[in-house]
Every structure is written in C-alpha cells, then in structure tokens.
C-alpha cells in the first residue's frame, strides 16, 4: 500500500505491509514510473488500484505486487511473500506504474522489471519457502 502519490510521470510512495518482503519492506520509499507508451511485462513490480469489487470499506485500494501472468483476460499479480497469486485480474486502467527503485534508510536500489524481475521474483519466492520450512523445524 502506498500513502503518497503524485500524478506526474514519476511518483514516490511509502510502502506499507509485508506482502513484498524481503525485497520491499515496510516504510521503504518506492519510485514509481508510469508506463506511458512502454509495454507492461511479466516480472514487473507494479503499483495499482484494486478492481472495485475487491475494495473493502475503510481500506486503501492501492497495492504493490509483482505481475506473474498476462493473457487475453488480463494481468495477474502476486506478492513475493505469498504462495498464491492474487484473486483479481487487472486491466491497464488499474495500473499507476512500475516500481523502478526503492530507498531504504540512505540506500537507493534499482528494481528490475521484465525477465530480470521474473528471476528476482523466483529467487525471492524460493527464499520465502526456505524460511518457512526452516522456521517450522
């Protein structure tokens, strides 16, 4: 969830929640770039608005998750810290932009998209599964 927005080409927001751990952590400042004429790709981490039927009263409808699939029905997402993909299907109108960087403390890191993002998502997913297994031992 983001709590600061700007309607220009580049926006910044504060990340709230744990769905994208360990890559994104609570209170990270995210750099968001609008797609404009660029292609939306599997592996991108996107900042988007939930489809209306999934909104809960009093809750923010803005989310940051990774794109895991794109087909003729729409765009499917998942948090890196989750085993299951999200129940909603997005369209282009739901997406504000792609997360391109993160500022944590005084360090800035670029966030890859597309095929590099797929690799990063896979590696982090395996890391989260490993942590779950080890924590149960």
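The values are calculated or read from the model by the stated rules, or taken from the named source; none is laboratory data. Model, not experiment: these values are computed from the prediction. As a convention, Cβ positions derive from the backbone with ideal geometry for all residues, glycine included, and neighbour counts pool all protein chains shown.
Tabulated results
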| read-out | value |
| --- | --- |
| Residue in the range 59-67 that is touching a strand residue (DSSP E or B) at 6+ places or on another chain (Cβ under 7 Å), closer than 22 Å to residue 22 by Cβ and either exposed (fewer than 15 other Cβ atoms within 10 Å of the Cβ) or at pLDDT below 90 (or both) present | yes |
| Failed item, numbered, when residue 100 is tested on (1) closer than 21 Å to residue 112 by Cβ; (2) modelled with pLDDT under 90; (3) under 13 Å from the mean Cα position of the chain (by Cα); (4) surrounded by fewer than 18 Cβ atoms within 10 Å (Cβ to Cβ) | (2) |
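Conditions (1) modelled with pLDDT of 90 or more; (2) within 12 Å of the chain's Cα centre (by Cα); (3) exposed (fewer than 15 other Cβ atoms within 10 Å of the Cβ); (4) at positive phi, marked per residue:
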{"site": "23", "(1), (2), (3), (4)": "no, yes, no, no"}
{"site": "32", "(1), (2), (3), (4)": "yes, yes, no, no"}
{"site": "35", "(1), (2), (3), (4)": "no, no, no, no"}
{"site": "48", "(1), (2), (3), (4)": "yes, yes, no, no"}
{"site": "69", "(1), (2), (3), (4)": "yes, no, yes, no"}
{"site": "79", "(1), (2), (3), (4)": "yes, yes, no, no"}
{"site": "87", "(1), (2), (3), (4)": "yes, no, yes, no"}
